[in-house]
Amino acid sequence: MGWHVAIKQSKLKPGKKKMLSVAKEIVLIGQIEDRYFVTEALCRHMRWPLAYGGKVKDDCIRCPLHQTTHKIDNGELVEWSPFPLFPPYGKLVGKMSKQKDLKIYETRIKDGNIEIRID
Ligand code: FES
């Protein structure tokens, strides 16, 4: 499918994240210092939207609900649901569901836009 414009560079502020729909994919886009990252928008554990409360630290993104953590550069799982206390069935979901990496999208800058590659 190729490259798609996600957002103007000027609309994304350092340290902020946005959830966007790009070519029928729902993605999370953010900036760390001078580089951009794009991941699938929903946590792999129980589908919480990572734009709402997700923390970016040490090149990882951590879901606010149960603290599932993935590397931003390749989506590799670092920690799966270590804090599954709320909702109460979160612990069960964490044990029953398959642990998965987070999908990461390639990005580039073109004509002042952040573009992402969707295959
Ligand atoms: S929904 Fe993200 S860790 Fe549970």
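Computed from the coordinates by the stated procedures, all read-outs in this text should not be read as laboratory data. The structure displayed is predicted, hence computed values, not measured ones. With ideal geometry, Cβ positions are generated from the backbone for all residues, glycine too; neighbour counts draw on all protein chains shown.
Based on this model, can you work out whether Arg44 counts as within 22 Å of Glu106 (Cβ to Cβ), within 16 Å of the ligand (Cβ to nearest atom) and touching a Ser or Thr at 6+ places or on another chain (Cβ under 7 Å)? The answer is yes for Arg44. Strands (runs of 3 or more DSSP E) fully within region 18-119 that include at least 3 residues being under 12 Å from the mean Cα position of the chain (by Cα) and of a type outside the set (Lys, Arg): 25-32, 35-40.
Would it be correct to say that Gly75 is exposed (fewer than 14 other Cβ atoms within 10 Å of the Cβ) and under 15 Å from Ile116 (Cβ atoms)? Spell out how you get there, then give the answer.
Details: exposed (fewer than 14 other Cβ atoms within 10 Å of the Cβ): no; under 15 Å from Ile116 (Cβ atoms): yes.
No, not satisfied.
The single residue among Gly30, Gly53 that is near the ligand (Cβ under 10 Å from one of its atoms), over 22 Å from Ser97 (Cα atoms), among the small types (Gly, Ala, Ser) and without any contact (Cβ under 8 Å) to a residue 60 or more places away in the chain turns out to be Gly53.
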